[in-house]
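The values are calculated or read from the model by the stated rules, or taken from the named source; none is laboratory data. On a predicted model such as this, the values are computed, not experimentally measured, just so you know. Heads up, the Cβs are rebuilt from the backbone with ideal geometry, glycines too, and the neighbour counts pull from every protein chain shown. Side chains included, ligands, DNA and RNA excluded: accessible areas come from the protein's heavy atoms. Shrake-Rupley method; radii C 1.70, N 1.55, O 1.52, S 1.80 Å.
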Amino acid sequence: MCGIAGFWTDRPAGREAASSVAQAMATRLAHRGPDGEGRYLDEHIALGHRRLAIIDPGPAADQPMTSADGRLVLVFNGEVYNHVELARELAAAGCRFRTRCDTEVVLHAYATWGDDCVRRFNGMWAFALWDRERRRLLCSRDRLGVKPFVHTTCQGRWWFSSEAPGLRAV
(Lines give C-alpha, C1' and ligand atoms only; values in the text may rest on other atoms or scores of the structure.)
Protein backbone atom coordinates (compact mmCIF):
# COMPACT_ATOMS: atom_id res chain seq x y z
CA MET A 1 0.00 0.00 0.00
CA CYS A 2 2.15 2.90 -1.18
CA GLY A 3 1.38 6.56 -0.59
CA ILE A 4 1.25 9.25 -3.25
CA ALA A 5 0.92 13.00 -2.86
CA GLY A 6 1.63 16.22 -4.67
CA PHE A 7 0.30 19.26 -6.43
CA TRP A 8 -0.06 20.90 -9.82
CA THR A 9 -0.07 24.62 -10.51
CA ASP A 10 -0.29 26.67 -13.69
CA ARG A 11 2.01 29.26 -12.13
CA PRO A 12 5.65 28.37 -11.62
CA ALA A 13 6.32 27.24 -8.05
CA GLY A 14 9.54 27.92 -6.16
CA ARG A 15 11.65 24.75 -6.22
CA GLU A 16 12.70 24.87 -2.56
CA ALA A 17 9.17 25.51 -1.32
CA ALA A 18 7.77 22.79 -3.58
CA SER A 19 10.38 20.33 -2.34
CA SER A 20 9.63 21.00 1.31
CA VAL A 21 5.87 20.74 0.74
CA ALA A 22 6.22 17.45 -1.19
CA GLN A 23 8.46 16.15 1.61
CA ALA A 24 5.96 17.15 4.29
CA MET A 25 3.09 15.53 2.41
CA ALA A 26 5.03 12.28 1.88
CA THR A 27 6.14 12.25 5.52
CA ARG A 28 2.47 12.26 6.59
CA LEU A 29 2.08 9.07 4.51
CA ALA A 30 5.14 7.27 5.90
CA HIS A 31 2.99 4.51 7.40
CA ARG A 32 1.86 3.59 3.87
CA GLY A 33 5.37 2.91 2.60
CA PRO A 34 8.30 2.16 4.88
CA ASP A 35 10.56 0.84 2.08
CA GLY A 36 11.52 4.13 0.50
CA GLU A 37 10.52 7.58 -0.57
CA GLY A 38 11.08 9.85 -3.50
CA ARG A 39 10.13 13.19 -5.01
CA TYR A 40 9.95 14.76 -8.43
CA LEU A 41 9.80 18.51 -8.95
CA ASP A 42 9.62 20.90 -11.82
CA GLU A 43 8.19 24.38 -12.13
CA HIS A 44 4.54 23.23 -12.27
CA ILE A 45 4.42 19.94 -10.41
CA ALA A 46 5.54 18.27 -7.21
CA LEU A 47 5.14 14.51 -6.82
CA GLY A 48 5.90 12.62 -3.62
CA HIS A 49 5.91 8.88 -3.03
CA ARG A 50 6.22 6.48 -0.09
CA ARG A 51 7.04 2.95 -1.21
CA LEU A 52 5.93 -0.44 0.00
CA ALA A 53 8.04 -2.71 -2.23
CA ILE A 54 6.20 -5.92 -3.10
CA ILE A 55 6.22 -6.92 -6.79
CA ASP A 56 9.73 -5.74 -7.70
CA PRO A 57 11.61 -4.68 -4.56
CA GLY A 58 14.75 -3.62 -6.45
CA PRO A 59 15.88 0.01 -6.73
CA ALA A 60 15.00 0.14 -10.45
CA ALA A 61 11.34 0.13 -9.38
CA ASP A 62 11.70 3.15 -7.05
CA GLN A 63 9.28 6.00 -7.51
CA PRO A 64 8.61 8.51 -8.83
CA MET A 65 9.39 6.42 -11.91
CA THR A 66 10.45 8.16 -15.09
CA SER A 67 10.09 6.73 -18.58
CA ALA A 68 13.32 5.89 -20.41
CA ASP A 69 12.98 8.98 -22.61
CA GLY A 70 12.35 11.20 -19.57
CA ARG A 71 8.97 12.41 -20.87
CA LEU A 72 6.72 10.73 -18.29
CA VAL A 73 6.92 10.71 -14.49
CA LEU A 74 4.63 8.50 -12.39
CA VAL A 75 3.71 7.97 -8.75
CA PHE A 76 1.60 4.86 -8.32
CA ASN A 77 -0.22 3.08 -5.51
CA GLY A 78 -1.86 -0.29 -5.97
CA GLU A 79 -1.59 -3.26 -8.27
CA VAL A 80 -2.53 -3.84 -11.88
CA TYR A 81 -3.38 -7.53 -11.67
CA ASN A 82 -3.00 -8.12 -15.40
CA HIS A 83 0.35 -6.31 -15.67
CA VAL A 84 2.21 -9.44 -16.84
CA GLU A 85 -0.16 -9.87 -19.80
CA LEU A 86 -0.05 -6.16 -20.61
CA ALA A 87 3.76 -6.19 -20.41
CA ARG A 88 3.84 -9.02 -22.97
CA GLU A 89 1.53 -7.08 -25.28
CA LEU A 90 3.56 -3.89 -24.88
CA ALA A 91 6.86 -5.74 -25.41
CA ALA A 92 5.45 -7.19 -28.65
CA ALA A 93 4.70 -3.60 -29.68
CA GLY A 94 8.36 -2.65 -29.09
CA CYS A 95 8.42 -1.47 -25.47
CA ARG A 96 11.55 -2.35 -23.49
CA PHE A 97 11.21 -2.97 -19.76
CA ARG A 98 13.80 -2.29 -17.06
CA THR A 99 11.74 -3.84 -14.23
CA ARG A 100 9.12 -6.48 -13.53
CA CYS A 101 6.80 -4.03 -11.80
CA ASP A 102 3.33 -2.88 -12.74
CA THR A 103 4.40 0.74 -12.31
CA GLU A 104 6.53 0.55 -15.43
CA VAL A 105 3.66 -1.17 -17.26
CA VAL A 106 1.48 1.88 -16.48
CA LEU A 107 4.15 4.18 -17.96
CA HIS A 108 4.45 2.16 -21.18
CA ALA A 109 0.68 1.71 -21.41
CA TYR A 110 0.14 5.47 -21.28
CA ALA A 111 2.92 6.11 -23.81
CA THR A 112 1.36 3.54 -26.15
CA TRP A 113 -2.39 3.93 -25.63
CA GLY A 114 -2.78 7.38 -24.05
CA ASP A 115 -5.58 8.02 -21.56
CA ASP A 116 -7.38 4.89 -22.72
CA CYS A 117 -4.68 2.78 -21.05
CA VAL A 118 -6.73 2.74 -17.83
CA ARG A 119 -9.52 0.85 -19.63
CA ARG A 120 -7.09 -2.06 -20.03
CA PHE A 121 -6.13 -2.23 -16.35
CA ASN A 122 -7.63 -4.85 -14.11
CA GLY A 123 -6.84 -4.15 -10.48
CA MET A 124 -6.84 -1.52 -7.79
CA TRP A 125 -4.83 1.66 -8.19
CA ALA A 126 -4.46 5.37 -7.79
CA PHE A 127 -1.81 7.25 -9.70
CA ALA A 128 -0.62 10.62 -10.90
CA LEU A 129 1.27 10.70 -14.20
CA TRP A 130 3.01 13.87 -15.35
CA ASP A 131 3.54 14.20 -19.10
CA ARG A 132 6.40 16.70 -19.27
CA GLU A 133 6.15 17.21 -23.03
CA ARG A 134 2.42 17.97 -22.99
CA ARG A 135 2.62 19.69 -19.56
CA ARG A 136 -0.34 17.59 -18.46
CA LEU A 137 -1.17 15.66 -15.30
CA LEU A 138 -3.29 12.53 -15.60
CA CYS A 139 -4.70 11.11 -12.39
CA SER A 140 -6.66 7.89 -12.22
CA ARG A 141 -8.26 5.71 -9.63
CA ASP A 142 -9.60 2.17 -10.00
CA ARG A 143 -13.23 1.79 -10.96
CA LEU A 144 -14.38 0.71 -7.50
CA GLY A 145 -12.34 3.25 -5.57
CA VAL A 146 -10.47 0.61 -3.60
CA LYS A 147 -7.29 2.69 -3.53
CA PRO A 148 -7.88 6.05 -1.89
CA PHE A 149 -7.28 9.33 -3.72
CA VAL A 150 -8.30 12.64 -2.19
CA HIS A 151 -7.86 16.07 -3.75
CA THR A 152 -8.63 19.72 -3.28
CA THR A 153 -7.89 23.14 -4.69
CA CYS A 154 -6.20 25.66 -2.42
CA GLN A 155 -3.69 28.51 -2.75
CA GLY A 156 -3.98 28.43 -6.55
CA ARG A 157 -2.85 24.81 -6.70
CA TRP A 158 -4.55 21.45 -7.20
CA TRP A 159 -3.44 19.12 -4.39
CA PHE A 160 -3.81 15.33 -4.14
CA SER A 161 -2.89 12.57 -1.73
CA SER A 162 -3.60 8.97 -0.83
CA GLU A 163 -5.07 10.18 2.45
CA ALA A 164 -6.32 13.37 4.05
CA PRO A 165 -3.27 13.66 6.36
CA GLY A 166 -1.17 14.26 3.24
CA LEU A 167 -3.35 17.24 2.40
CA ARG A 168 -3.29 18.50 5.98
CA ALA A 169 0.47 18.96 5.63
CA VAL A 170 -0.31 22.05 3.55
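Side notes on the structure shown:
- The alpha-carbon atoms of segment 91-130, seen along their principal axes, cover 24, 21, 19 angstrom, with the largest extent given first.
- Taking each DSSP H run with n ≥ 4 as -39500 (n - 2.57) and averaging over every residue of the chain yields -7000 deg cm²/dmol at 222 nm.
- Zero-based 10 Å bins, Cα pair distances in the chain, whole percents: 11, 42, 36, 10, 0
- The chain - percent of accessible surface contributed by carbon and sulfur, probe 1.4 Å: 50
- The three principal axes of the Cα atoms in segment 103-170 give end-to-end lengths of 35, 30, 16 Å, sorted in falling order.
- Each peptide among 141-152, 18-29 gets the average number of other Cβ atoms lying within 10 Å of its residues, and from highest to lowest they stand as 18-29, 141-152.
- Among 88-95, 115-122, sorting by the average number of other beta carbon atoms lying within 10 angstrom of each residue, highest first, gives 115-122, 88-95.
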